[in-house]
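Trainee: Before we start, here is the structure in question, set down as structure tokens.
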Amino acid sequence: MPTVDYRSAYPYIQTVVSPVARPMLLIAVRNAPHRRLPLVALVDSGADVSTFHLDIAMQIGIDLGACRVAGVRGVGGSTQAYIAPVELEVEGRRFSADVRFTSGVPSMVALLGRSDVFERFQFGFDQRGRRLLVEPYS
């Protein structure tokens, strides 16, 4: 059976949005050449794609009028999202991702999804120890 030797372990984080401690990472998002915005993002194994609140798009200078528009579904139902290419920085690694920006998630929330972030990192969830385990792929 394969095993993973996780390089990093982070305690789950409690935010003002929810009193429940969750598996979250400190990341940064950038709309080149605009400013870099540090965020705390939920590592969401149920999210197909990374989805951030519209407020984040505004803070990094994304022109929503130039974005592709698509529907997104989540636990709360369906809504519209703007798709924009951004640079994500996770665990010191920078990469491009097409992020969905929507008002369908709580303000200033960033959900890291499988198609872009999970392709680059292995995650483990130590629920009993309330720790997020992270190992980048080579």
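The values are calculated or read from the model by the stated rules, or taken from the named source; none is laboratory data. From a predicted model like this one, the values you see are computed outputs, not experimental measurements. Methodologically, a virtual Cβ is constructed for each residue, glycine included, from the backbone with ideal geometry; neighbour enumeration extends over all protein chains shown.
Trainee: Scan the range 78-97 residue by residue and report those that are within 15 Å of ILE56 (Cα to Cα) and either surrounded by fewer than 13 Cβ atoms within 10 Å (Cβ to Cβ) or in contact with a Ser or Thr (Cβ under 8 Å, 6 or more places away or on another chain) (or both).
Mentor: Across the range 78-97, the qualifying residues are ALA81, TYR82, PRO85, VAL86, GLU87, LEU88, ALA97.
Trainee: What number of residues within the range 8-48 satisfy the criterion of being in contact (Cβ under 8 Å) with a residue 60 or more places away in the chain and closer than 25 Å to ASP98 by Cα? Can you show your working first?
Mentor: Let us first name the residues in the range 8-48 that are in contact (Cβ under 8 Å) with a residue 60 or more places away in the chain, namely 8-12, 17, 21, 23-25, 27-29, 39-45, 47-48.
If we keep only those that are closer than 25 Å to ASP98 by Cα as well, we get 17, 23-25, 27-29, 39-45, 47-48.
Going through the range 8-48 one residue at a time, the tally reaches 16.
Trainee: Right, here's the next one. Given the residues GLY61, GLY71, GLY77, GLY65, which is the only one that is more than 25 Å from GLN122 (Cα to Cα) and in contact with a His (Cβ under 6 Å, 6 or more places away or on another chain)?
Mentor: Numbers: GLY71 fails: in contact with a His (Cβ under 6 Å, 6 or more places away or on another chain); GLY77 fails: in contact with a His (Cβ under 6 Å, 6 or more places away or on another chain); GLY65 fails: in contact with a His (Cβ under 6 Å, 6 or more places away or on another chain).
Unique residue meeting the criteria: GLY61.
Trainee: Let me ask you something else. Any residue at all in the range 52-72 that's in contact (Cβ under 8 Å) with a residue 60 or more places away in the chain, small (Gly, Ala, Ser) and within 15 Å of LEU111 (Cα to Cα)? Break it down into steps so the answer makes sense when it comes.
Mentor: Keep residues of the range 52-72 that are in contact (Cβ under 8 Å) with a residue 60 or more places away in the chain, which gives none.
Scanning the range 52-72, I find no residue that is in contact (Cβ under 8 Å) with a residue 60 or more places away in the chain, small (Gly, Ala, Ser) and within 15 Å of LEU111 (Cα to Cα), so the answer is no.
Trainee: Pull out all pairs, ordered by first then second residue, where Cβ-Cβ is under 7 Å, the residues are six or more apart or on different chains, the first lies in the range 95-108 and is without any contact (Cβ under 8 Å) to a residue 24 or more places away in the chain, and the second is not in a loop (DSSP other than H, G, I, E, B).
Mentor: Filtered contacts from the range 95-108: SER96/PRO85; SER96/GLU87.
Trainee: Right, ARG22: of a type in the set (D, E, K, R) and over 15 Å from the mean Cα position of the chain (by Cα) or not?
Mentor: Working: of a type in the set (D, E, K, R): yes; over 15 Å from the mean Cα position of the chain (by Cα): no.
Considered against the rule, which asks whether it is of a type in the set (D, E, K, R) and over 15 Å from the mean Cα position of the chain (by Cα), ARG22 comes out as no.
Trainee: Please verify whether ALA41 is within 22 Å of TYR137 (Cβ to Cβ) and either in a loop (DSSP other than H, G, I, E, B) or touching a strand residue (DSSP E or B) at 6+ places or on another chain (Cβ under 7 Å) (or both), treating the condition exactly as stated.
Mentor: Details: within 22 Å of TYR137 (Cβ to Cβ): yes; either in a loop (DSSP other than H, G, I, E, B) or touching a strand residue (DSSP E or B) at 6+ places or on another chain (Cβ under 7 Å) (or both): yes.
Considered against the rule, which asks whether it is within 22 Å of TYR137 (Cβ to Cβ) and either in a loop (DSSP other than H, G, I, E, B) or touching a strand residue (DSSP E or B) at 6+ places or on another chain (Cβ under 7 Å) (or both), ALA41 comes out as yes.
Trainee: So if I check each of ALA21, ALA41, ALA84, ALA9, which one is touching a Pro at 6+ places or on another chain (Cβ under 8 Å) and of a type in the set (Gly, Ala, Ser)? So that I can check it myself, show each step before the final result.
Mentor: Working: ALA41 fails: touching a Pro at 6+ places or on another chain (Cβ under 8 Å); ALA84 fails: touching a Pro at 6+ places or on another chain (Cβ under 8 Å); ALA9 fails: touching a Pro at 6+ places or on another chain (Cβ under 8 Å).
Every option except ALA21 fails the conditions.
Trainee: Which of the residues that make up the range 98-130 are modelled with pLDDT of 95 or more, touching a strand residue (DSSP E or B) at 6+ places or on another chain (Cβ under 8 Å) and surrounded by fewer than 16 Cβ atoms within 10 Å (Cβ to Cβ)?
Mentor: ASP98, ARG120, GLN122, GLY124, PHE125, ASP126, ARG130
Trainee: To continue, here is another question. Considering only the range 115-136, state which residues are among the charged types (D, E, K, R) and farther than 22 Å from ASP55 by Cα. Spell out the reasoning first.
Mentor: Step one: filter the range 115-136 for residues among the charged types (D, E, K, R), giving 116, 119-120, 126, 128, 130-131, 135.
Matches in the range 115-136: GLU119, ARG120, ASP126, ARG128, ARG130, ARG131, GLU135.
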